[in-house]
1. In the list B:S160, B:S190, which residue meets the criterion of being among the small types (G, A, S) and either over 24 Å from A:R37 (Cα atoms) or more than 13 Å from the chain's Cα centre (by Cα) (or both)?
2. Looking only at segment B:65-77, filter to residues that are closer than 19 Å to B:N183 by Cα and at the interface with chain A (Cβ under 9 Å from one of its Cβ atoms); which one of those is nearest to the chain's Cα centre (by Cα)?
3. All but one of (1) polar (S, T, N, Q); (2) open to solvent by 60 Å² or more (accessible area, probe 1.4 Å); (3) at positive phi hold for A:N153, so report the exception by its number.
4. Can you pull out the helices (runs of 4 or more DSSP H) entirely within segment A:168-231 that have at least 1 residues that are of a type in the set (A, V, I, L, M, F, W, C)?
5. So, in segment A:175-220, exactly how many residues are of a type in the set (F, W, Y) and open to solvent by less than 20 Å² (accessible area, probe 1.4 Å)?
6. Which ones in segment A:3-28 are in a helix (DSSP H, G or I) and aliphatic (A, V, I, L, M)?
7. Quick check on this structure: which one of A:L112, A:L99 is in a loop (DSSP other than H, G, I, E, B) and either in contact with a Ser or Thr (Cβ under 8 Å, 6 or more places away or on another chain) or surrounded by 12 or more Cβ atoms within 10 Å (Cβ to Cβ) (or both)?
8. Sort through A:R118, A:R169, A:R139 and tell me the only one that's away from chain B (no Cβ under 11 Å) and charged (D, E, K, R).
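The values are calculated or read from the model by the stated rules, or taken from the named source; none is laboratory data. All values reported here derive from a predicted model rather than from experimental measurement. Glycine also receives a Cβ, built like all others from the backbone with ideal geometry; neighbour counts cover every protein chain displayed. For accessibility, only protein heavy atoms count, side chains too; no ligands or nucleic acids. Shrake-Rupley method; radii C 1.70, N 1.55, O 1.52, S 1.80 Å.
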Amino acid sequence: MISIPRPLIYIGGVLASLLLIPPFAIGWIRETQSTGRPVHIFWDMDMQPKFKAQAPSDLFADTRAARPIVPGTVAVGEADLDPHWSEGVTANGDWAISLPAQFKDVDKNALLARGQERFNIYCAVCHGYAGYGDGMVNRRAQALMDNADGPPNDTSWVPAKSLHDPTVRPQPIGQIYYTVKHGVRTMAGYGSQVPVEDRWAIAAYVKALQLSQDASLQDVPPDRRAGLKKP
Amino acid sequence: MSRFLFPRWSNLLLPTLLMVGAVVPLYAVLFVAYGFSPKTLEVGYQPNQPIPFSHELHAGQLGMDCRYCHNTVERSGFAAVPPTQTCMNCHTGIRPSSPKLEALRESATTGNPVTWIKVHKLGDYAYFDHSAHVNRGVGCVTCHGRIDRMEVVYRYAPLSMGWCLDCHRDPINNLRPPSEMTNMTFDMQSLSREERESLKSQFLIKPSEDCSTCHR
């Protein structure tokens, strides 16, 4: 039996166990989140003197690299000259009761499908998928209003109106469009989030939704009536 | 005259050295491969945001669609982080004076943007395009993980070139109907191989591997 001096064994053991630290550290780093900036070993051309979308810039006091539109100016091609298309009112100032002429050749089923998808994204959070005003945000806000110690943090919430409310149901499509674009009373406008084609699609879908909840047998095509079940 | 004699145990030095010589390079290679990989250095980055905004609450509990806020994602390469006005759609009424919304109020009164810190960031020489992916059936969850369960967003995927190319070479397992793009819980197993193949041919999906697709 060869006897190796104790100190050597200890040193060897310590070195070997030090080698175990990096694998554990790597495993730890991989499995956890950290607020530290990612380490870049080679910077290459990671940071170039240019701006990608929404990047900050020191040149301007508001730190935006993308400059907001100067008030009172209109970009080329963005002038709203057609009140029906852009505001939902006819030339003599009444609410439009039809889709604008731009939709003449558009497949109406596709338009409604698009409207349904957009409604579910932008409106259903408050108004609910069927439009009865029972969306999750509305329920949550109502719960805050019913808080035993009074609404927290100055919460004040007007319930999102049911779209089948007797005051909403008769509204012409142009008025719905106008509400989507500019909002109404406490409801914010969605003009900046939703492009104009989609606003019309939503308005058309809202009219269809209202009809769907207030239809009589006469509204169903005769050949489909047989398939309907009595509630 | 006493001569220095190597002790007997020194005979073990040579095999030990050989072993160390074999193990250390392997160790070094593995250390660099795993330790310096983007999966270690980039994944899990979770900066402190100026507002404790929670996707778990808004996208998870309230069920808001990603596109309510990131509304440019289908139309442009960039998935816009929402402007203050989008938050104010609700927060003019809901907890407007909450201390957590301090930075939002300041932004609303001064007109300066909220200084969100970017979590996912490619090098400036690489150009990613969201609309090209989400409209062809690659869902948010594939690249960003279960955002609807994240209290604070962190980087889920390495976003390295190898990661992009892995999928571009064989996208079939990551395809879903584009209508499900924002669905975080869509069951990818529910699609059969044939359905995926038909999605692939329907949208003529043939992701490019040319350098100029992503580098300009």
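1. On the way: B:S160 fails: either over 24 Å from A:R37 (Cα atoms) or more than 13 Å from the chain's Cα centre (by Cα) (or both).
Exactly one residue qualifies, and that residue is B:S190.
2. Here the residue is B:C66.
3. Single failed check for A:N153: (2).
4. Helices (runs of 4 or more DSSP H) meeting the threshold: A:173-182, A:196-212.
5. Count: 2.
6. Result: A:L8, A:I9, A:I11, A:V14, A:L15, A:A16, A:L18, A:L19, A:L20, A:I21, A:A25, A:I26.
7. Answer to the selection: A:L99.
8. A:R169
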